[in-house]
Amino acid sequence: MSALESANKIKAKFGALVAEPTEFRGEITLKIADAEQIFDVCLFAKKQLGFDYLVDISSVDNYGEDPRWTVVYHLRGVASGEELRLKTDVSEEKSELPSVLPVWRTANWHEREIYDMMGIRFSGHPDLRRILMWEGYPYHPLRKDFPLAGKPSDLPGVAFTQVTPMEGGPFVTLPSSSDSIAREPRVRVPESAEPAISDKRLVDGKLK
């Protein structure tokens, strides 16, 4: 069964709850209108259509729009090799949708990461806690309104953060250059203080 045939079976099962399948570059996507029904759709996709592997769950911040978030499920049938994408929107006011951990165990860390980075909660998840940031950290760093330089925070006895100076850091790169060495992201200093790597010479295995 092709991914498109599977998508049409989901559409036939859930009716108006599911939009017509869309195809882009050979990939099939289904939009689920009601986020509360995502569990039932995923369970059907696994049990009836053979999508037994949850490759990933990702989230998109549509900052300035309502609903604010789109959550994307990437499904794969191991035996068939077919892949299917499910999408559903989540409002900022609710910021919650059902966990699919009972369907695929691989949802565990995916849902925890989305909760940590975006602040979307998954009802029914048995261990929904932060996976990258520490417990008590007050922000969600992948939201579009979170500044690139970060925000200061302080949790006494646990951890703290300071605003990153934008004139240097691991994410600072050049928009264009003559070679990839000079373009590589790194902490950078004013040109008057130190020559660019591309201007240095390799002597006895060391840059000088």
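The values are calculated or read from the model by the stated rules, or taken from the named source; none is laboratory data. As the structure is a computational prediction, the values presented were derived from the model and not from experiment. Using ideal geometry, Cβ is built from the backbone for each residue, glycine included, and neighbour counts are taken over all protein chains shown.
From 123, 80, 99, 95, grab the single residue that is under 18 Å from residue 40 (Cα atoms), at pLDDT 90 or above and in contact with a Gly (Cβ under 8 Å, 6 or more places away or on another chain). Going through 123, 80, 99, 95 in turn, the sole match is 99. Against the list (1) farther than 20 Å from residue 133 by Cβ; (2) touching a residue at least 60 places away in the same chain (Cβ under 8 Å); (3) aromatic (Phe, Trp, Tyr), the condition residue 73 fails is (2). Does the range 119-133 include one or more residues that are more than 23 Å from residue 162 (Cα to Cα), outside any loop (DSSP other than H, G, I, E, B) and out of contact with any helix residue (DSSP H, G or I) (no Cβ under 8 Å at 6 or more places or on another chain)? Yes, the range 119-133 contains a residue that is more than 23 Å from residue 162 (Cα to Cα), outside any loop (DSSP other than H, G, I, E, B) and out of contact with any helix residue (DSSP H, G or I) (no Cβ under 8 Å at 6 or more places or on another chain).
Here is a yes/no grid of residues against (1) surrounded by fewer than 21 Cβ atoms within 10 Å (Cβ to Cβ); (2) among the hydrophobic types (A, V, I, L, M, F, W, C):
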site	(1), (2)
66	yes, no
73	no, no
103	no, yes
118	no, yes
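Going by the conditions given, is residue 53 in contact (Cβ under 8 Å) with a residue 60 or more places away in the chain and surrounded by fewer than 19 Cβ atoms within 10 Å (Cβ to Cβ)? Write out each step before concluding.
On the way: in contact (Cβ under 8 Å) with a residue 60 or more places away in the chain: no; surrounded by fewer than 19 Cβ atoms within 10 Å (Cβ to Cβ): yes.
Here the answer is no, as residue 53 does not meet what is asked.
When the range 86-107 is filtered for residues that are more than 17 Å from residue 51 (Cα to Cα) and outside any loop (DSSP other than H, G, I, E, B), the ones remaining, listed by number, are 88, 89, 90, 96, 97, 98.
Where strands (runs of 3 or more DSSP E) sit wholly within the range 1-85, those with at least 2 residues that are in contact with a strand residue (DSSP E or B) (Cβ under 6 Å, 6 or more places away or on another chain) occupy 27-32, 53-61, 69-76. Figure legend. Inter-residue proximity from the range 132-150: first residues closer than 25 Å to residue 65 by Cβ, second residues modelled with pLDDT under 90 and basic (Lys, Arg), beta-carbon distance below 6 Å, spacing 6+ or different chains. Indicated pairs: 139/151.
Residue 96 passes all but one of (1) within 15 Å of the chain's Cα centre (by Cα); (2) within 27 Å of residue 153 (Cα to Cα); which number fails? Condition not satisfied by residue 96: (1).
With respect to the conditions (1) closer than 21 Å to residue 95 by Cα; (2) crowded, with 16+ Cβ neighbours inside 10 Å; (3) within 19 Å of the chain's Cα centre (by Cα), residue 18 lacks only one, and its number is (3). May I ask you to verify whether residue 4 is in contact with a Pro (Cβ under 8 Å, 6 or more places away or on another chain) and over 18 Å from residue 123 (Cβ atoms)? Taking the combined requirement at face value, the residue satisfies it.
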